[in-house]
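S.K.: Structure below; questions to follow.
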Amino acid sequence: MAERAADNERFQPAPIEPGNALRPATDAPHRKAVLRALLWLTISCGIFFASVNITVGSFPVAVAELAMAAYAGILLLVRRSSTVHLQRWILAYLLPFCTTMMFACWYRRAQATVFVWPILIPVISYLLLGRRAGFWFTGAFLTIALVIFGFKFAETENVYSVAGIANVALCAACIFGLSHAYEVTREQAEARLRALALRDPLTDLCNRAGLAEIFPRQLAQAKRYGKPLSAVLIDIDHFKHVNDQYGHETGDAVLVSFAQCLNNGLRECDLACRLGGEEFALLLPHTDIAEATRTAERVRAAAAESRCEHNGQEIAITVTLGVAELDPACDDLSSLLARADERLYRGKSEGRNRVVSE
């Protein structure tokens, strides 16, 4: 009973937070923090500059700034209790914010220094929207700002108009380019770290966290198209004996050898995972229990025929496999693995080196 309890605990998948799997870039936690900070800044800056513009008689701009500050306050309050996708809240903030900025630039009594603010658009857009959406959003509003800026300087007939336009345009272009380069680098680094987090470093197979992330997609497809989905749990038989007799380095070589055996015997759409230690799992889309059993039997036979050679030692291995098919009406990853685990345990108690599917 103690061994059975340990086996059950071992196969509990990593918890999946709602919306965590395949989360879009705009739902990343740092974007939530940036949006919250910008809302607070919009409220405080809106009130401050509105009071300044009231004192100098720029009442339309002051009204627009107060309206934007009030709107940011409403977003801040409503956002806390809402489940709406974060990207929608970001656009609900950015569109009126940048439109208010364009109005302040266009207003005939606005000072030339107001054109400093549009230069912030690339930074804000890339932080909140990411690389693709940030690029198009920034390009659109910077173009509008530069057109307004050009008209404003042309009206003054100042001999320094060309130089002024060139300085602002070049400064905006530099910040635009730097923001884009930073976001590209950040996305690449994040992708590399994410790939490392979802891979087993020894065998290069997907790990438990990767299985937990990929499963919701496979489950959704199985339900949507009415296709079967099966899982296979695998234990290398007597693996502790291999470690004890030949050492952990040889044990690692056995794990790598078996991982290669799995990869050689699976389709491209199949997923092989190392759950930890000598425990592996297969996720087989578009595969019913009968076909999954045949796949498991091929894996068992291939493992039994293979030999792992390491440090002059030739190690023969066998594996025990438990197979289960998804019930779309009631199964999640935990229950699917639990049924496969129960059959795996039965195979081990019946003598190992076998496949159990019912």
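S.K.: Can you compute 3J(HN,Hα) from phi for each residue in segment 63-78, using the Karplus curve 6.51 cos²θ - 1.76 cosθ + 1.60 with θ = phi - 60°, rounded to whole Hz and x for Gly and Pro?
M.R.: Going residue by residue, I get 4, 4, 5, 5, 5, 5, 5, 5, 4, 5, x, 5, 4, 4, 6, 6 Hz, with x marking Gly and Pro.
S.K.: For Cα pairs less than 8 Å apart in space and 6+ apart in sequence, what is the mean separation divided by the residue count of segment 210-358, i.e. the relative contact order in percent?
M.R.: Normalised by residue count, the contact order of segment 210-358 is 30 percent.
S.K.: Right, next: Relative contact order for segment 25-197: what is it in percent, counting Cα pairs under 8 Å that are at least 6 residues apart?
M.R.: Once normalised by length, the contact order is 20 percent.
S.K.: OK, next. Just want to confirm a number: the relative contact order over the chain, from Cα pairs under 8 angstrom separated by 6+ residues, in percent.
M.R.: 16 percent
S.K.: Please report the net charge: other residues with Cβ closer than 11 Å to the Cβ of Ser179, K and R +1, D and E -1.
M.R.: Within the 11 Å Cβ shell, the charges total +1.
S.K.: Going by how many other Cβ atoms sit within 10 Å of their own, how do Ser357, Ser335 line up, fewest first?
M.R.: Values: Ser357 20, Ser335 13.
Lowest to highest Cβ neighbour count: Ser335, Ser357.
S.K.: So for Lys152, Lys227, fewest C-beta neighbours within 10 Å to most, what's the order?
M.R.: In increasing order of surrounding Cβ atoms, one gets Lys227, Lys152.
S.K.: Next up: Hey, what D do you get for segment 201-356 in µm²/s if you plug the Kirkwood alpha-carbon radius into Stokes-Einstein at 37 °C and 0.692 mPa s?
M.R.: Translational diffusion coefficient: 209 µm²/s.
S.K.: If the reach is capped at under 27 angstrom between alpha carbons, list the lysines near Lys348, excluding any in the same chain fewer than eight residues apart.
M.R.: List returned: Lys240.
S.K.: Normalised radius of gyration for segment 25-197, please: alpha carbon Rg relative to 2.2 N^0.38 Å, two decimal places. Each step should come with its number before you reach the end.
M.R.: Details: Rg = 17.6 Å, N = 173, 2.2 N^0.38 = 15.6 Å.
Normalised Cα radius of gyration, segment 25-197: 1.13.
S.K.: Taking Cα atoms, how many degrees apart are the long axis of helix 248-264 and the longest axis of the chain, rounded to 10 and kept between 0 and 90?
M.R.: Computed tilt is about 80 degrees.
S.K.: Here's something else I'd like to know. Could you identify which residue out of Cys206, Cys273, Cys98 has the top mean-square fluctuation in a GNM of the chain using Cα springs shorter than 10 Å?
M.R.: The residue that fluctuates most here is Cys98.
S.K.: For q = 0.06, 0.15 Å⁻¹, what log10 I(q)/I(0) does the chain give under the Debye formula with an equal point scatterer on each alpha carbon and no solvent?
M.R.: These q points yield log10 I(q)/I(0) values of -0.41, -1.18.
S.K.: To the nearest 20 debye, what is the magnitude of the charge dipole of the chain about its Cα centre, counting +1 on the Cβ of each Lys and Arg and -1 on the Cβ of each Asp and Glu?
M.R.: Result for the chain is approximately 1580 debye, rounded to the nearest 20.
S.K.: For helix 333-349, what angle does its Cα long axis make with the longest principal axis of the chain, in degrees from 0 to 90 and rounded to 10?
M.R.: With rounding to tens, the tilt is 20 degrees.
S.K.: Still on this structure, please answer the following. Count charges around Arg80 for me, please; just the other residues with Cβ under 14 Å from its Cβ, Lys/Arg as +1, Asp/Glu as -1.
M.R.: Values: positive: Lys32, Arg36, Arg79; negative: none.
Here the charged neighbours net out to +3.
FYI, it's all coordinate maths here, none of it is from the lab. Note that this is a predicted model, so its numbers are computed, not measured. Note that each Cβ is placed from the backbone with ideal geometry, even for glycine, and that neighbours are counted across all protein chains shown.
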